[in-house]
Every structure is written in C-alpha cells, then in structure tokens.
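The values are calculated or read from the model by the stated rules, or taken from the named source; none is laboratory data. Predicted, not measured: the structure shown is a model, and the values here were computed from it. Quick reminder, even Gly has a Cβ in these numbers, built from the backbone with ideal geometry, and neighbours come from all protein chains shown.
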Amino acid sequence: MYACLNAGNIGLKIRWEECLPLAQANGFEGIDVPIDPQQSAAYYLDHLARHNLKPGGMALPFSPADSDERVSAGLERLPAICARAQEIGQTRFYIWIMPFSDTLDRRANFKLHVDRLGKAARIMQDYGCSLGLEFIGPKTLRAGHRYGFLRTMDEMLDLCDALGENTGLLLDAYHWWTSLGVIDDLLRLDNRQIVYVHINDGQPGLAVDEQMDLVRRLPGETGKIDIGGFMNALRKVGYDGPVVPEPFEVKLHALPPAEAVRLVGEAVQKVWKL
C-alpha cells in the first residue's frame, strides 16, 4: 500500500498539476488523477513520472442516489473515462453509499443500487477497473430519516457480492470506527475486497455515537481511532492500493496549499510508522 494525496479531501482549491510537487515533497507516493478523457494518456503519465508519483483512484461520475438523467449521463461517460484510466494505470474507482433513504425501503433501495452500480461495474470490468463502495457509519447522519440502509462493512460486502468480482470496499477508518467495527472484522478481508482506503481520526470529547460525518481530524491526531491497528490489519491482509487522508479538517482550508499538504503529510508519515 502507498500514501496517496487527494487534493479535495484536504480542501485544496488549486489545479491538479500544482498539487504534484506538493505531494512529492511531503512523502506521498501517489496522487488521485482527475481523469478527463479529452486529455491524452501521455499528458497524465508525463506529469506523474516527472514527480515520481503513482496514480491513485477517482470517484464514479455519478451517485446511485442521483436522478435518472444524471445516472444515464454518468454511465454514458464511463467507458471513455475507464479507457483512459486503464491507459495510465489508475484502475480504482469509488463511490459513497448513503445509509438512509426517505423514499425507498431497504429492499427497494438495494435493488436500485444493484441496478445502477451493476451497470457501472460491468462497464469497468471491460477495462480492468474495479469499484470501491464506501459505507458511512455515523449514527447522527441517520437520525430523522425514514428508512435505514447499508451502514456496516458486512452489509456493504453483501452489495459487493451482488455486483460482481470487480467490486469491493472503499474502507474509511472513520466509518469503520463509527459503525462499531473491530480489528478482527478487517482481518477477515482479503486484498481483492479492498479497492481504496481513507484514513482520519475522530473528534475528542464526543462518544462514538455522537460523532458527525463531516467533522473529523488528521490521522492519529486525537487517538480516538486505533489507526495503528487499522493500518497493520491492512498490511496483514495484503492490501496493495492507495491510502488517502480524508480529515475534513476546516483549519486546513485557511492555510496556504503548501502548508496544508505539509501538515497532512506529516500526520500520514507518523501513522505509517505505527
């Protein structure tokens, strides 16, 4: 596995090309490439090689909860994106799955996800690409919604099984922790079942059931999450993909990009040694 930077996860609002030297200078081995199929593979490969970085992953161009029109448009764009992704070696895609619905019960929602994501997974398979599905753990996010949906690792693995062998998890340390996951859960996985990984930490002073989805800390900052155990479990099961910080830390947004990446890089290097 390798440390990988996603600029949006730490609030950077600069061009992808400007992030490359910052990632390289702060200990990252990879960076998520925002693939535009209109751009040549040579363009991306040249920029990555110049900064000695690997490609990471990217989001699916639609969410399963989107309108029919947006899903159709995303599926139409997907083959060209996957073709370019295959050329540059970034074959990992991901999407988050909301743990509730106000209109569909669990059975109907599961069917909707199998239909929409199944179409995407079949397209991806033709290009050697895989899809990681992120379960979202915080109890606070589900409050007030009519129907519950998939919110744990095992529940999301059921959806992966329904979609096919090129589908696995986007495994986020925060969501694993807030879904009351334990290390033994991770040790039951194999490398094929993990497509992409996020690392972060919880808010101090709050119980796990009080944590908010978009309020997190840098990996290892508060010690709420056993990030050392999480990382070592990934190593034991042979995970070989990107490990991406996703702290949603507001204080980073006010910093110059170079300083924000430096702080995040230092946090990642500390937990890597655990």
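Odds and ends about this structure:
- Looking at Leu263, Leu218, just one residue is at negative phi and either modelled with pLDDT under 95 or over 19 Å from the mean Cα position of the chain (by Cα) (or both), and that residue is Leu263.
- For the stretch 143-159, a residue qualifies if it is in a helix (DSSP H, G or I) and either within 15 Å of the chain's Cα centre (by Cα) or at pLDDT below 95 (or both), and the qualifying residues are Met153, Met156.
- Residues located in the stretch 25-57, provided they are aliphatic (A, V, I, L, M) and farther than 12 Å from Arg84 by Cα: Ala25, Ile31, Leu48, Ala49, Leu53
Rundown of residues vs (1) of a type in the set (A, V, I, L, M); (2) in contact (Cβ under 8 Å) with a residue 60 or more places away in the chain; (3) more than 22 Å from Ala83 (Cα to Cα), yes/no style:
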| site | (1), (2), (3) |
| --- | --- |
| Pro99 | no, no, yes |
| His113 | no, no, yes |
| Gly128 | no, no, no |
| Ile136 | yes, yes, yes |
| Glu155 | no, no, yes |
| Leu159 | yes, yes, yes |
| Ala162 | yes, no, yes |
| Val197 | yes, yes, yes |
| Ala207 | yes, no, yes |
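So that you can scan it fast, the table gives a plain yes or no per residue for (1) at pLDDT 95 or above; (2) surrounded by fewer than 21 Cβ atoms within 10 Å (Cβ to Cβ); (3) more than 22 Å from Val271 (Cβ to Cβ); (4) of a type in the set (Phe, Trp, Tyr):
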position: Met1; (1), (2), (3), (4): yes, yes, no, no
position: Lys13; (1), (2), (3), (4): no, yes, yes, no
position: Asp32; (1), (2), (3), (4): yes, no, no, no
position: Pro37; (1), (2), (3), (4): yes, yes, yes, no
position: Ala59; (1), (2), (3), (4): yes, yes, yes, no
position: Arg77; (1), (2), (3), (4): yes, yes, yes, no
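- Yes/no for Gln203 being touching a residue at least 12 places away in the same chain (Cβ under 8 Å) and assigned to a helix (DSSP H, G or I): no
- Unique residue being free of Cβ contacts under 8 Å to residues at least 24 places away in the same chain and under 21 Å from the mean Cα position of the chain (by Cα) when the list is Lys54, Lys119, Lys13: Lys13
- When we screen Leu180, Leu169, Leu133 for residues that are in contact with a Cys (Cβ under 8 Å, 6 or more places away or on another chain), within 25 Å of Lys270 (Cα to Cα) and not in a helix (DSSP H, G or I), the only hit is Leu169.
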